[in-house]
1. Would you work out if segment 24-119 is rounded, prolate or oblate? Take a ≥ b ≥ c from the square roots of the eigenvalues of the alpha-carbon gyration tensor; rounded if a/c is under 1.5, else prolate when a/b is larger than b/c, oblate otherwise.
2. Could you order peptides 119-125, 172-178 by the average number of other Cβ atoms within 10 Å of their residues, highest first?
3. With axes computed from alpha carbons, what is the tilt in degrees of helix 110-125 against the longest principal axis of the chain, rounded to the nearest 10 within 0 to 90?
4. Would you mind checking the tilt of helix 207-219 against the longest principal axis of the Cα atoms of the chain, expressed as 0 to 90 degrees and rounded to 10?
5. Would you mind checking the pairs K69/K151; K23/K208; K19/K151; K41/K69 and listing those with alpha carbons more than 18 angstrom apart?
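Values quoted throughout were computed directly from the atomic coordinates according to the rules given, and no laboratory measurement underlies them. Bear in mind that the values here come from a model prediction, so they are computed numbers and not experimental data. As a convention, Cβ positions derive from the backbone with ideal geometry for all residues, glycine included, and neighbour counts pool all protein chains shown.
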Amino acid sequence: MKKALVTGGAQRIGAQIVKTLHKNNYDIIIHYNNSADEASKLAALLNNDRQNSVTIVQAELNTRDGIDKLRNSVTKLDLLVNNASVFCSTPIGEIDRSTWSSIMDTNLMSPFFLSQSLATLLHKSNGCIVNIVDIHADRPLKDHSVYSISKSGIAMMTKSLAKDLAPDVRVCGISPGYILSPKGSKKLDNEESQSSNKIALKRHGTVKDIADTVVFLANSTYITGQIINVDGGRTLNQ
């Protein structure tokens, strides 16, 4: 039985990744920050299906102590999914150092140092890291400069670590297009909900599309350093 750690695995895309990996015979560590109830319910659901197959760990990944706490909870690992991130509007002129640090520490610093600290375990298992990037890593989203910058950093991190951790550990990324309504941004939600005309496939994606791609990359032993756009062809028209 292989072992996976999914950060931000209690809700939304992360929860679907957890379910899909579990269905594909992975034991799972679900990381969460504030979503204790959701993490507990998801773990209970999956443990009911396969006993002792899922554990949960709370950690604040925007701190070094939180990263160390999560690292110390892992003794075996085949797959790390760096999914946890924060998304918020940052109009120019309103960005302060606290906002910058909050987004960059969670979205970029934590996956880098978590990947580094777990590299030894992943080397032992010839494991894989999958980073959840974003199509806005290449094409910035208006009024979300810090978020876009952080995701651009994740894209470069994916390629850099693919070189540095080869040949024993593969590192890949997934860039979702419009999958779920973003939390806390009604304006963006309205804009995105009208965006089907920009998508070649003329429909929005689902969390299952992302989770299935995680499994594909985890099983594809001759792919590394690649970032797959799962966006229905939206980037063809941006």
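1. The shape class here is prolate.
2. Values: 119-125: 15.9, 172-178: 23.9.
So the peptides 119-125, 172-178, ranked by packing, come out 172-178, 119-125.
3. 40 degrees
4. 50 degrees
5. K69/K151; K19/K151; K41/K69
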